[in-house]
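Structure, as C-alpha cells:
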Amino acid sequence: MDILNALFYMLNEMSPYILLGLLVAGLMHSFIPAGTMSRHLSGTGWKPVIKAALIGVPLPLCSCGVLPAAVAMKRSGASNAASSSFLIATPQTGVDSIAATYSLLGPAFAVVRPIAALATAIAGGYMVGRNENAYNGATCPIPSPTDTHKQASFVSRLGDALRYGFIDMVRSIGKWLIAGLVIAALITVAVPADFFVSLNRYPLLAMACVVIVAIPMYVCATGSIPIALSLMLKGLSPGTALVLLMAGPAANFASITVISRNMGRRCATVYLSAIITGAIVSGLIIDYLLPASWFALPAVDMHMACHTSTGWFELTCSGILLILLSATAIYPLLHKKPKIDSIMKKEYKIKGMSCPHCKASVEKALGLLHGVTAVDVDLRSGIATVEGAHDEAKAIEAIQSLGFDYEPQ
C-alpha cells in the first residue's frame, strides 16, 4: 500500500509538469522551423550549449516535463550537447521555483541556485559535445528545413502541435516514464525519512548520500525547497541543501531512461556525471568559500511547504495523463495493419530506429517512392516491408538520407 501511495503521490506531482512539457514539445515542433533550431543549437561548441542553458533556466519545467521538450528540440536539429545543456538547466530552476526559493530559503539561495544550474548545464553540455563524435547510439532523423510553417494556417499548426505532443511524444516516452515512476516509488518507500540526520557532522558524506538518494527519486524544483529546508533545520549544511536542490530536480530514473533511449548511453552517463559533480562542487563552494551568514534561514512557516496536498487540478492532470498513456498503448492493438502478402514486396532491415517518430519518418519517406503502394515498418524488429514495384537503390538511399543504416539481409 505504501508503494501505491508513493506512486499516486508522484504521479499527481508530476502530471501537470509532464502535460506542460508535452504541450511545449508540440508547440516547438509545429511553430519553430527546424532550420531555426538547427542554426542556433546545432554543433558541439560553446555557443549552442550556452544558448540552450539560457533558454532553459527560466522555464518552469521539471525533470520529467522537460523530457518531451528536449527530445523535440533534438529532433528539430539541436545537438546532443545543446539538448543535454537544456536538460540540465531547465528542471533545476524556473521563475516559479526562484520565487519560492527566495520566500523559504532567502535571497542568497535564490541567486546562487540559478547560477549553479547555469554553470553545471554549460559544463555538462560541453562535455557531452566532446564525446558526441564517439557516440554510436540510436538517433532520430533531423527534418530538413521547409516552409511548412509559413504555408499552414495557425489552426492547422496548433492541431499538429497537440497531435505531436499528446500522441506522438506520449508513444515515444510513455513506457519509460512509467518504468521510472515505479522504480522511484520503490526507492521512496525504502529510504527512511530521517536517513540523513546522523550525517550532520560530515557535510561531504552527507552530500554524497543526498546525491545517491535524490538522483533516482522524483522531486520538482519547487517541491524540493521544503525538503531542503527540513534538512537544514535538522542540522545539515546549506551546501548539502543545495545539492538536493540541484540533484533532485535535475534527474530521476524516468529522465535517465528516456535520455539513454533517445540520445544514447554515453550521453546519459555524461549528463548524470555533470549533475553529480556540479551539485557537489556547488555545495562545497557554499560551505567553505561563501559567508555562512548569507544562508542563515529566514523565519519559516512549515505549513507553507508546497506540493504536499492533492487538489482537483493535479487529479485532473493525472487522469488526463493516464488516459493518454492507456490510449497510446491500446490503439496499436486495436488497429493492427494487415500484413502485406503481395509477391511484389521487399523487406529492408534498418538500424537506428528508436521511437514512433522514427517509424513514421521511414514510412513517409518510403511511401513517396515511385511504384510503392504500401509500407509497413515494424519498430521492434527494425524491418520495413515495402509493397509495389520500386527501385531498391532509391529505397536504400531514402533510408540513409534520414540518418539510419541499411543492413543487407
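With respect to the conditions (1) within 24 Å of residue 328 (Cα to Cα); (2) open to solvent by less than 30 Å² (accessible area, probe 1.4 Å); (3) within 26 Å of the chain's Cα centre (by Cα), residue 404 lacks only one, and its number is (1). Inspect the range 341-358 for any residue being surrounded by fewer than 19 Cβ atoms within 10 Å (Cβ to Cβ), modelled with pLDDT of 85 or more, charged (D, E, K, R) and within 26 Å of the chain's Cα centre (by Cα) and give the result as yes or no. No - not one qualifying residue is present in the range 341-358.
A single member of 233, 289 is open to solvent by 40 Å² or more (accessible area, probe 1.4 Å) and modelled with pLDDT of 85 or more, and it is 289.
Tell me yes or no: at least one residue of the range 105-123 is in contact with a Phe, Trp or Tyr (Cβ under 6 Å, 6 or more places away or on another chain), surrounded by 14 or more Cβ atoms within 10 Å (Cβ to Cβ) and modelled with pLDDT of 75 or more. Walk me through how you get there before you give the answer.
Taking the range 105-123 first, the residues in contact with a Phe, Trp or Tyr (Cβ under 6 Å, 6 or more places away or on another chain) are 108, 110.
So of that shortlist, the ones also surrounded by 14 or more Cβ atoms within 10 Å (Cβ to Cβ) come out as 108, 110.
Next cut, modelled with pLDDT of 75 or more only: 108, 110.
Among the residues of the range 105-123, at least one is in contact with a Phe, Trp or Tyr (Cβ under 6 Å, 6 or more places away or on another chain), surrounded by 14 or more Cβ atoms within 10 Å (Cβ to Cβ) and modelled with pLDDT of 75 or more, which makes the answer yes.
The criterion of being of a type in the set (A, V, I, L, M), exposed (fewer than 14 other Cβ atoms within 10 Å of the Cβ) and modelled with pLDDT of 85 or more holds for residue 323.
Table: residues versus (1) assigned to a helix (DSSP H, G or I); (2) among the polar types (S, T, N, Q); (3) crowded, with 18+ Cβ neighbours inside 10 Å; (4) at pLDDT below 65.
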residue	(1), (2), (3), (4)
36	yes, yes, no, yes
44	no, yes, yes, yes
70	yes, no, yes, no
82	yes, no, yes, no
87	yes, no, yes, no
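Any residue in the range 181-194 that is part of a loop (DSSP other than H, G, I, E, B), touching a Phe, Trp or Tyr at 6+ places or on another chain (Cβ under 9 Å), crowded, with 18+ Cβ neighbours inside 10 Å and at pLDDT 65 or above?
Scanning the range 181-194, I find no residue that is part of a loop (DSSP other than H, G, I, E, B), touching a Phe, Trp or Tyr at 6+ places or on another chain (Cβ under 9 Å), crowded, with 18+ Cβ neighbours inside 10 Å and at pLDDT 65 or above, so the answer is no.
The values are calculated or read from the model by the stated rules, or taken from the named source; none is laboratory data. Only a predicted model underlies this, so the values are computations on that prediction, with no experimental measurement involved. Heads up, the Cβs are rebuilt from the backbone with ideal geometry, glycines too, and the neighbour counts pull from every protein chain shown. With ligands, DNA and RNA removed, areas are computed over all heavy atoms of the protein, side chains included. Shrake-Rupley method; radii C 1.70, N 1.55, O 1.52, S 1.80 Å.
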